[in-house]
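Notes follow the structure.
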Amino acid sequence: MTFTFEAAVARRKFDVSFSLSQGETLAVLGPNGAGKSTLLNLISGSLSPDSGHAELDGDVLFSAGSGRKRVWQPPHTRGISLLAQQALLFPHLTVLDNVAFGPTSSGVKKRTAHDAARKWLAEVDAAQFERRKPAQLSGGQAQRIAVARALAAEPKLLLLDEPMAALDIDVAPALRRTLRRVLENCTAIIVTHDILDAYTLADRVIVIDNGRIVEDGPTRRVFEQPRDPFTANLAGLNVLSGIRTPLGLRTADGVELAIGAGAAGAVGSECSAAIRPSDVRVSTSPPPDGANALPATITDLEPRGDLVRVRALNFAADLPPALVADLDVSIGTAVWFTFDPGSAIIYSANR
Amino acid sequence: MTFAPLKSKPTRKSLRSLATLVIAAAVVTGAAACSSSSTTTASTGTPSASATTAPAGTVVVFAAASLKATFTALGTAFQAANPGTTVTFSFAGSSDLVTQITGGAPADIFASADTNNMGKLVSANLVSGTPVNFATNVLEIATPPGNPANVKTFADLGNASIKTVICAPAVPCGAATATIEQSTGVTIPAVSQESSVTDVLGKVSSGEADAGLVYVTDVKSAGNTVTGVPFAESSSAVNTYPIAALSDAKNAALAQAFIGYVTGPDGQATLAAAGFGKP
Amino acid sequence: MKTSQNYWGVPKWVLAIALVGALFVVLPLLAMVVRVNWGQFIPLITSQSSIDALLLSLRTSTIATLLCIILGVPMALVLARTTFPGQRILRSLVLLPLVLPPVVGGIALLYTFGRQGLLKAPMNFLGIQIAFSTTAVILAQTFVALPFLVLSLEGALRTVGTRYEAIGATLGAGPTTVLRRITLPLVLPALVSGAVLSFARALGEFGATLTFAGSLQGVTRTLPLEIYLQRETDPDAAVALSLVLVAVAIIVVGLANRVGSNSRLGPNVLS
């Protein structure tokens, strides 16, 4: 274990603990105000917790609370670099001096620091910018250089705070590729809103809501079998929760559903099922056989690429526009969602 | 702070009136933060049975700062004796007042602390008639209360260990100081040469300086904040105070009446009580 | 219109009032220039007492400005970057000399550093005598000029914010390194303009000096005091010296504007 973290901040209703192994990249997701910034601030050292304990490679970052000897390291001694949403390159320094800032701050000679800076600039394909001032760079270029600057400080842990969020949509992919390459050997925590960041960069995902961890697991599993509505929404999946039955599951509203695939839990235990919206059909009258039909009222119709997402409170279907027109539905229309047993996956809620 | 009149360009009326406006403001608010200037309008006295024939109206008197207490009292008494008259004062350093008067400030009478400044107005043809000398003043040593440095004579001020503050030679009290230094052969190693008596008194009463050279009347009016040490050599520099009506005076008769009061027995008695000598 | 121009959108009456305001400031300067006795100008400003006063003013104002920087930068940092009880009151007190009549400042200094002042005992013990010395002039100038530096720097520190500093810390830079390599370079334009304002204020300082330091040629009689004194006997000299003071002020402010615009941060600073 290279990084262990537990901390509580009563004022922000924050109580989170997790650990991270060497070289692992963790994605942190969650709604706005869930506590992601608090988490970053606690790790980077701009906030101290009411109680808790964090260690990085055996070095105590902070320790507080009853029965603990109080320890608190300031940000600059933690060995943790932060890559923020904005590049925040120091405007008065050249690109090269920006990247060399970390090494020179740790007492390395200027020439050595510049050599290291050049190496990292090459690593992010920005060697040609070394003489420029930040004002002469585009947003994407600046962010690549910010990556080089963060890495040049040789952090034991790299924090990334929505590094792609402020970029134009057409330059984000290039930075994502760069990050994917450089994060290969890094222990890193990336806070993001974007499921794609999590898929491409992270080995593992945690989802925070109301200051608590509500999901924790390998990226693919968390998104394919979400427990939390927020995660399901992010993953673009419908999630139904209920009690395991021999055929499938029974929802809290008493609807019996047949589900064909997935790990079987014990009958009577709590379980969830995930269904892709594109596998869901919509009808304006109850299906004749009555099987796998969820009654609902349409709350929203939104275009999604070449499909239209038909939304109800906790369920959605993606249909071709022509079909939506034929159905003649609008907001407020009562409909039935149906799906094939084979298109849903069932899994135990207590995994 | 005051502006010179733009005499050379009479056509630019707006400039002129702006300058006048600023001068007027300066007169009302005091020309400089540090000169002991103020405007006092003595309240109209109660009607008196022994009212003489002085013309009614208002007279504006520009008087040297050292005359403030005396003239304010004289003004009140004059008004009481002559119902229907109002005497308005503006007190400032004599040279400030000369600048203001040549700049067109509305004054009827000028009372100067020295003949030199009055001379400037005379040569500028701004004085009506001949100035009359109405008082004299001599220097005295002022020390902090109790005279901690034990200054006894003028010669003591030549001692460098006694911190003495004097007026700069450019101002009347400094000129008088220089005259006495010359006649006695004592050179004062002054730690500061201030531009006004007020500043000298300030340094002495606060205890920063061991001694200062100011006028007898200043020591008297400073009360117990300073202790005076008279010295005989002061007679070698007697300062004479002239008073005159100005040629632009709006109320020449009233101006002459007030000058007559100042030079008359009542005025002289009040001046003597304040420490001024007879001319 | 001959050339293409952006529409200003400023009402005509605003332009008119602005013009009146500009005239109000410029006309008195012009009036002074008109009054200068140009035939005697050079002899008037090169008299020994004038040169002594000018050199003394430049010397004391420079030292006062340095003192303002040494004291003011930490004050601005504490006011901008920390929170503690009574901070608002402290800020008001620190900025008080801005609105205080200088002569009041002089009296306050007198009762602090004077022979009979608050610090009488320690100063006597150390054998320090400040009254009537050049040191007194510098103290008076620093006292009135310090708020200008603190005010402009504190504002700039708040505008720049702490994000660059936070990034610097996560890159391993300690607080002193962050201050030296990030914070101060970022607020350099404000530091320069604050220092220039302080210098200009120190150069024009009159009331506190007159009250606290006295007036002796070459020791405490700065240019404003010399002008005040010359006015008594030689108005021509006073006007000529006033013009010199105005010229020095214009040169200093002009230089500062150049420095300020050269080191102004680029448009992408906060992106």
Practice problem: From (1) of a type outside the set (Ser, Thr, Tyr); (2) farther than 24 Å from A:LEU313 by Cα; (3) under 12 Å from the mean Cα position of the chain (by Cα), pick out the condition that doesn't hold for A:GLU215. | Solution: (2)
Practice problem: Evaluate the range C:198-217: report whether one residue or more is without any contact (Cβ under 8 Å) to a residue 24 or more places away in the chain and within 30 Å of A:PHE90 (Cα to Cα). | Solution: no
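Any idea which of C:ALA190, C:ALA166, C:ALA136, C:ALA140 is within 19 Å of the chain's Cα centre (by Cα) and within 14 Å of chain A (Cβ to nearest Cβ)?
Values: C:ALA166 fails: within 19 Å of the chain's Cα centre (by Cα); C:ALA136 fails: within 14 Å of chain A (Cβ to nearest Cβ); C:ALA140 fails: within 14 Å of chain A (Cβ to nearest Cβ).
Just a single option satisfies the conditions, and that option is C:ALA190.
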Quiz item: In the range A:127-161, what count of residues is obtained for those that are open to solvent by 40 Å² or more (accessible area, probe 1.4 Å) and part of a helix (DSSP H, G or I)?
Solution: 7
Quiz item: Does A:ARG176 qualify as being under 16 Å from A:THR219 (Cβ atoms), at pLDDT below 90, more than 14 Å from every other protein chain (Cβ to nearest Cβ) and more than 13 Å from the chain's Cα centre (by Cα)?
Solution: yes
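State whether the residues of the range A:92-107 include one that is away from chain C (no Cβ under 14 Å), under 19 Å from C:ALA173 (Cα atoms) and in a helix (DSSP H, G or I).
Of the range A:92-107, the ones away from chain C (no Cβ under 14 Å) are A:96.
With the extra rule that they be under 19 Å from C:ALA173 (Cα atoms), the set shrinks to A:96.
Next cut, in a helix (DSSP H, G or I) only: A:96.
Checked the range A:92-107: at least one residue is away from chain C (no Cβ under 14 Å), under 19 Å from C:ALA173 (Cα atoms) and in a helix (DSSP H, G or I).
Has the range C:178-199 got at least one residue that is outside any loop (DSSP other than H, G, I, E, B), in contact with a His (Cβ under 7 Å, 6 or more places away or on another chain) and modelled with pLDDT of 90 or more?
Within the range C:178-199, one or more residues are outside any loop (DSSP other than H, G, I, E, B), in contact with a His (Cβ under 7 Å, 6 or more places away or on another chain) and modelled with pLDDT of 90 or more.
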Quiz item: In the range A:42-91, how many residues are buried (at least 20 other Cβ atoms within 10 Å of the Cβ) and away from chain C (no Cβ under 14 Å)?
Solution: 4
Quiz item: Which numbered condition trips up A:TRP120, out of (1) more than 14 Å from chain C (Cβ to nearest Cβ); (2) of a type in the set (Phe, Trp, Tyr); (3) within 27 Å of A:GLY45 (Cα to Cα)?
Solution: (1)
Quiz item: Taking helices (runs of 4 or more DSSP H) that do not extend beyond the range B:1-118, which have at least 1 residues that are at pLDDT below 50?
Solution: B:13-29
Quiz item: Does at least one position in the range A:284-291 carry a residue that is within 24 Å of A:GLN225 (Cα to Cα) and of a type outside the set (A, V, I, L, M, F, W, C)?
Solution: no
Quiz item: When you look at C:LEU109, is it assigned to a helix (DSSP H, G or I), within 23 Å of B:GLN193 (Cα to Cα), within 12 Å of chain B (Cβ to nearest Cβ) and of a type outside the set (D, E, K, R), yes or no?
Solution: yes
Self-check item: Residue within the range C:41-58 that is within 30 Å of C:VAL244 (Cβ to Cβ), of a type in the set (S, T, N, Q), in contact with an Asp or Glu (Cβ under 8 Å, 6 or more places away or on another chain) and open to solvent by 40 Å² or more (accessible area, probe 1.4 Å) present
Solution: no
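Please enumerate the residues belonging to the range B:152-176 that are over 27 Å from the mean Cα position of the chain (by Cα) and either open to solvent by less than 40 Å² (accessible area, probe 1.4 Å) or at pLDDT 95 or above (or both).
B:GLY158, B:ILE162, listed by residue number.
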Self-check item: Positions within the range A:1-27 being in contact with a helix residue (DSSP H, G or I) (Cβ under 7 Å, 6 or more places away or on another chain) and β-branched (Val, Ile, Thr), in sequence order
Solution: A:VAL9, A:VAL16, A:THR25
Practice problem: Scan the range A:152-170 for residues that are facing another protein chain (nearest Cβ under 10 Å) and more than 20 Å from the chain's Cα centre (by Cα) and report the count. | Solution: 4
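B:THR217 - would you say it is within 30 Å of B:ALA160 (Cβ to Cβ), crowded, with 17+ Cβ neighbours inside 10 Å and in contact (Cβ under 8 Å) with a residue 12 or more places away in the chain?
yes
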Practice problem: Among the residues of the range C:211-255, count how many are at the interface with chain B (Cβ under 8 Å from one of its Cβ atoms), within 21 Å of the chain's Cα centre (by Cα), assigned to a helix (DSSP H, G or I) and within 13 Å of B:ALA168 (Cα to Cα). | Solution: 2
Quiz item: Just wondering, is there one or more residues in the range C:150-163 that are within 11 Å of chain B (Cβ to nearest Cβ), open to solvent by less than 20 Å² (accessible area, probe 1.4 Å), closer than 22 Å to C:LEU197 by Cα and assigned to a helix (DSSP H, G or I)?
Solution: no
Quiz item: Pick from the range C:19-36 the residues that are touching a residue at least 60 places away in the same chain (Cβ under 8 Å) and under 18 Å from C:ILE250 (Cα atoms): which of them is nearest to the other protein chains (Cβ to nearest Cβ)?
Solution: C:MET32
Quiz prompt | Conditions (1) more than 17 Å from B:VAL171 (Cβ to Cβ); (2) open to solvent by 30 Å² or more (accessible area, probe 1.4 Å); (3) at pLDDT 90 or above; number of the one not met by B:VAL127 | solution = (2)
Quiz item: Within the group B:GLY212, B:GLY202, which residue is within 14 Å of chain C (Cβ to nearest Cβ), at pLDDT below 90 and either surrounded by 24 or more Cβ atoms within 10 Å (Cβ to Cβ) or in a loop (DSSP other than H, G, I, E, B) (or both)?
Solution: B:GLY202
Quiz item: Do we find a residue being under 25 Å from C:ALA190 (Cα atoms) and buried (at least 17 other Cβ atoms within 10 Å of the Cβ) anywhere in the range C:114-134?
Solution: no
Quiz item: Among the residues of the range A:117-126, which ones are of a type outside the set (Phe, Trp, Tyr), open to solvent by 30 Å² or more (accessible area, probe 1.4 Å) and part of a helix (DSSP H, G or I)?
Solution: A:ARG118, A:LYS119, A:ALA122, A:GLU123
Exercise. Among the candidates C:LEU90, C:LEU110, single out the residue that is farther than 30 Å from A:LEU159 by Cβ and open to solvent by less than 40 Å² (accessible area, probe 1.4 Å).
Key: C:LEU110
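Output the residues belonging to the range C:17-32 that are exposed (fewer than 13 other Cβ atoms within 10 Å of the Cβ) and closer than 15 Å to C:LEU245 by Cα.
C:LEU30
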Quiz item: Among the residues of the range C:216-262, which ones are more than 20 Å from B:ASP96 (Cα to Cα) and hydroxyl-bearing (Ser, Thr, Tyr)?
Solution: C:THR220, C:THR222, C:SER261
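Give the residue that is most open to solvent (accessible area, probe 1.4 Å), with candidates limited to residues of the range A:1-37 that are outside any strand (DSSP E or B) and touching a Ser or Thr at 6+ places or on another chain (Cβ under 7 Å).
Here the answer is A:MET1.
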Quiz item: When only residues in the range C:205-225 that are touching a Leu at 6+ places or on another chain (Cβ under 8 Å) and surrounded by fewer than 21 Cβ atoms within 10 Å (Cβ to Cβ) count, which is farthest from C:LEU243 (Cα to Cα)?
Solution: C:VAL219
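The values are calculated or read from the model by the stated rules, or taken from the named source; none is laboratory data. In this text the structure is predicted, and so the values were computed from the model without any measurement. Cβ sites come from the backbone with ideal geometry, for glycine too, and all protein chains shown count toward neighbours. For accessibility, only protein heavy atoms count, side chains too; no ligands or nucleic acids. Shrake-Rupley method; radii C 1.70, N 1.55, O 1.52, S 1.80 Å.
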